[in-house]
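A.B. asks: My questions will all concern the structure given below.
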Amino acid sequence: MKMKKLLLVLILLPVMVFAQSGPKLEIDGGTSINTGSHLRGKEVVYDISFRNAGDQDLKITGVQTSCGCSSALASSDVIKPGESGSIKFTFNGIGFGTVTKAVTISTNEAAGNVHTLQVSMTMTDPILLNPQSIISEGKVGDELNQTATVLNSLDKDVTITEIVSNTPVIKITSDKMMLMPGETASLSISIKIYEESAINAAIIVKTTEGEFQIPVLVDVKPN
C-alpha cells in the first residue's frame with residue numbers, strides 16, 4: 001500500500017513542478033488601466049508596473065501600442081523571478097473625452113506570451129467656455145447683448161489676465177478675474193452693428209493656462 005502511494009506521488013510530482021515552472025508576467029491592477037484626467041494637448045506619461053511571478057527569468061521580447069500617437073518602453077528586457085519592472089507609456093494628448101489605447105507586451109512565457117492592455121485616459125481642457133461659439137443676426141444700429149461663462153476645470157486657481165476681441169465692435173466685461181477650482185466667471189458681451197456687413201470675429205480669453213477663443217458670427221440684415 002505504501003509503495004502504491006509513493007509511486008503516485010512520484011508520478012504527480014513532475015507534473016506539478018512542470019505546471020508551476022517558468023516565467024510569469026503579472027500586471028499591477030490588471031489589463032484595464034485608467035490613468036485619470038489629463039490636460040488635452042499635453043503629453044501623458046504613465047508607468048505601468050508589473051512583476052515576474054514565475055521561477056525563471058522573464059524576457060520582454062516586444063512592446064507595441066495601437067497607434068503612432070502613443071509609445072511604450074520596458075524598463076528592462078529581463079526581469080528576475082520575484083522582481084518588478086515597468087513599462088513607460090506615452091500619449092501625445094491629442095483627443096477629446098475618454099481616449100483608450102492598446103499596449104501589447106510579448107514575452108518568453110511558454111503559454112499566453114502575448115498580453116494586451118487597455119490604457120484609458122480622460123482628456124480635459126483647463127478652461128471650458130460656454131457657449132463655444134456665438135451666432136446671431138441683427139440690423140445696422142442694433143446692439144446685441146450676449147452672455148458666456150468661463151469655467152475653471154483644474155484643481156488649482158486660474159487667473160484671467162485679459163479678455164479682448166479682435167474687433168472694436170465687441171465689448172466684454174467679466175464679473176471676476178480669479179477662478180478657484182470649479183468656479184465660473186460670467187461674461188457680458190455687447191456687439192454693436194455699425195454697417196451692413198457680417199461680423200466674423202472672436203472673443204479671446206487670456207489666462208494663466210493659455211488663450212481660449214469664442215468665435216463670433218453675426219449676420220447683418222438690410223434695414
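The values are calculated or read from the model by the stated rules, or taken from the named source; none is laboratory data. Predicted model only: the values in this text are computed from it and were never measured. All Cβ positions, glycine included, derive from the backbone under ideal geometry; neighbour counts span all protein chains shown.
For (1) in contact with a Phe, Trp or Tyr (Cβ under 6 Å, 6 or more places away or on another chain); (2) free of Cβ contacts under 8 Å to residues at least 40 places away in the same chain, each residue gets a yes or a no:
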{"position": "34", "(1), (2)": "no, no"}
{"position": "38", "(1), (2)": "no, no"}
{"position": "43", "(1), (2)": "no, no"}
{"position": "51", "(1), (2)": "no, yes"}
{"position": "55", "(1), (2)": "no, yes"}
{"position": "61", "(1), (2)": "no, no"}
{"position": "68", "(1), (2)": "no, yes"}
{"position": "72", "(1), (2)": "yes, yes"}
{"position": "76", "(1), (2)": "no, yes"}
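A.B. asks: OK, next. Exactly one condition in (1) among the hydroxyl-bearing types (Ser, Thr, Tyr); (2) loosely packed, with under 12 Cβ neighbours inside 10 Å; (3) farther than 30 Å from residue 56 by Cβ; (4) within 32 Å of the chain's Cα centre (by Cα) is not met by residue 208; state its number.
C.D. replies: (2)
A.B. asks: On to the next question. Do we find that residue 184 is out of contact with any His (no Cβ under 7 Å at 6 or more places or on another chain), loosely packed, with under 12 Cβ neighbours inside 10 Å and closer than 22 Å to residue 40 by Cα in this structure?
C.D. replies: no
Conditions tested, residue by residue: (1) among the hydrophobic types (A, V, I, L, M, F, W, C); (2) in a strand (DSSP E or B); (3) touching a residue at least 24 places away in the same chain (Cβ under 8 Å).
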residue	(1), (2), (3)
147	no, yes, yes
151	yes, yes, yes
159	no, yes, yes
163	yes, yes, yes
167	no, no, yes
172	yes, yes, yes
187	yes, yes, yes
197	no, no, no
214	yes, yes, yes
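A.B. asks: Suppose we filter 170, 191 for residues that are in contact with a Leu (Cβ under 7 Å, 6 or more places away or on another chain) and closer than 22 Å to residue 219 by Cα; which single one remains?
C.D. replies: Answer to the selection: 191.
A.B. asks: Let me ask another. Give me the residue from segment 168-181 that is at pLDDT 95 or above and not aliphatic (A, V, I, L, M) and, out of that set, surrounded by the most Cβ atoms within 10 Å (Cβ to Cβ).
C.D. replies: The qualifying residue surrounded by the most Cβ atoms within 10 Å (Cβ to Cβ) is 174.
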